[in-house]
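Trainee: Handing you this structure, nothing more for now.
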Amino acid sequence: MAYINTIGRRKTAVARIYLTPGKGDIQINGRDLKEYFPFEVHQILVKQPFSLLESGDSYDVKINVQGGGIKGQAEAARMAISRALVEYNGENRPPLKKEGFLTRDSRMVERKKAGRRKARKRFQFSKR
């Protein structure tokens, strides 16, 4: 098996990944993980599936991410990596499922409605 291709989504962020057996390199949009996500919190989010399964140095990951913000992109990448690890080995599914890494978080920003300031906020009501 040359590589595994999966997709992960969170809010409006979409992450497409290519997982190959390797030595633990993670490339995001052609840049290194630490360069793309300068905050350690987001780096940890991306690496969570590997640390849970204790297989961090076994795979190389190439990630293409677009849309959304920095946290949404990190969580989308986490979901895509989790799906790839399950596809690679079915025994990985129960621990990843228990942590919620395989569940799609579909919460998105509600759209702005016509005649209002924001999605739900209304203009001030004046009785007289």
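The values are calculated or read from the model by the stated rules, or taken from the named source; none is laboratory data. All values derive from a computational prediction rather than experimental measurement. All Cβ positions, even for glycine, are placed from backbone atoms using ideal geometry, and neighbour counts span all protein chains on display.
Trainee: Kindly indicate which of Ala77, Ala119 is touching a Gly at 6+ places or on another chain (Cβ under 7 Å) and within 20 Å of Thr12 (Cβ to Cβ). Quick ask: steps written out before the conclusion?
Mentor: Values: Ala119 fails: touching a Gly at 6+ places or on another chain (Cβ under 7 Å).
From the options Ala77, Ala119, the qualifying one is Ala77.
Trainee: Taking Ser126, is it assigned to a loop (DSSP other than H, G, I, E, B), more than 30 Å from Tyr59 (Cα to Cα) and at pLDDT below 95?
Mentor: Details: assigned to a loop (DSSP other than H, G, I, E, B): yes; more than 30 Å from Tyr59 (Cα to Cα): yes; at pLDDT below 95: yes.
It is true that Ser126 is assigned to a loop (DSSP other than H, G, I, E, B), more than 30 Å from Tyr59 (Cα to Cα) and at pLDDT below 95.
Trainee: Which condition from (1) under 20 Å from Ala2 (Cβ atoms); (2) of a type outside the set (Val, Ile, Thr); (3) at pLDDT 95 or above is the one that Gly22 breaks?
Mentor: Gly22 satisfies all of (1) under 20 Å from Ala2 (Cβ atoms); (2) of a type outside the set (Val, Ile, Thr); (3) at pLDDT 95 or above except (3).
Trainee: Please work out if Val65 is crowded, with 18+ Cβ neighbours inside 10 Å and modelled with pLDDT of 95 or more.
Mentor: Working: crowded, with 18+ Cβ neighbours inside 10 Å: yes; modelled with pLDDT of 95 or more: yes.
The answer is yes for Val65.
Trainee: Any idea which of Arg31, Arg78 is among the charged types (D, E, K, R), modelled with pLDDT of 95 or more and surrounded by 13 or more Cβ atoms within 10 Å (Cβ to Cβ)?
Mentor: Numbers: Arg31 fails: surrounded by 13 or more Cβ atoms within 10 Å (Cβ to Cβ).
Selected residue: Arg78, the only one of Arg31, Arg78 that is among the charged types (D, E, K, R), modelled with pLDDT of 95 or more and surrounded by 13 or more Cβ atoms within 10 Å (Cβ to Cβ).
Trainee: Restricting to segment 48-82, count the residues that are over 14 Å from the mean Cα position of the chain (by Cα), of a type in the set (S, T, N, Q) and assigned to a helix (DSSP H, G or I).
Mentor: In the first step, residues of segment 48-82 are kept if they are over 14 Å from the mean Cα position of the chain (by Cα); the result is 51-60.
The next check asks that each one be of a type in the set (S, T, N, Q); those that pass are 51, 55, 58.
Restricting the remaining residues to those that are assigned to a helix (DSSP H, G or I) gives 51.
Total meeting the criteria: 1.
Trainee: Considering only segment 1-47, give the strands (runs of 3 or more DSSP E) lying wholly within it that have at least 3 residues that are in contact with a strand residue (DSSP E or B) (Cβ under 8 Å, 6 or more places away or on another chain) and of a type in the set (A, V, I, L, M, F, W, C).
Mentor: Numbers: elements: 4-10, 13-21, 26-28.
Correct list: 13-21.
Trainee: Can you tell me which residue within segment 88-123, out of those that are among the small types (Gly, Ala, Ser) and assigned to a loop (DSSP other than H, G, I, E, B), is farthest from Gly68 (Cα to Cα)? Before the answer, list the steps.
Mentor: Residues of segment 88-123 among the small types (Gly, Ala, Ser): 90, 100, 106, 114-115, 119.
Narrowing the set further to residues that are assigned to a loop (DSSP other than H, G, I, E, B) leaves 100, 106, 114-115, 119.
Numbers: Gly100: 21, Ser106: 13, Ala114: 23, Gly115: 26, Ala119: 18 Å.
Only one residue fits best here, namely Gly115.
Trainee: Still on this structure, I have one more. Quick one: is Leu85 under 18 Å from Asn5 (Cβ atoms) and part of a loop (DSSP other than H, G, I, E, B)?
Mentor: So Leu85 fails the test.
Trainee: Same structure, new question: Taking segment 4-32, which residues are under 11 Å from Ser58 (Cα atoms) and touching a helix residue (DSSP H, G or I) at 6+ places or on another chain (Cβ under 6 Å)? Break it down stepwise before answering.
Mentor: In the first step, residues of segment 4-32 are kept if they are under 11 Å from Ser58 (Cα atoms); the result is 19-25.
Within segment 4-32, just Leu19 meets the criteria.
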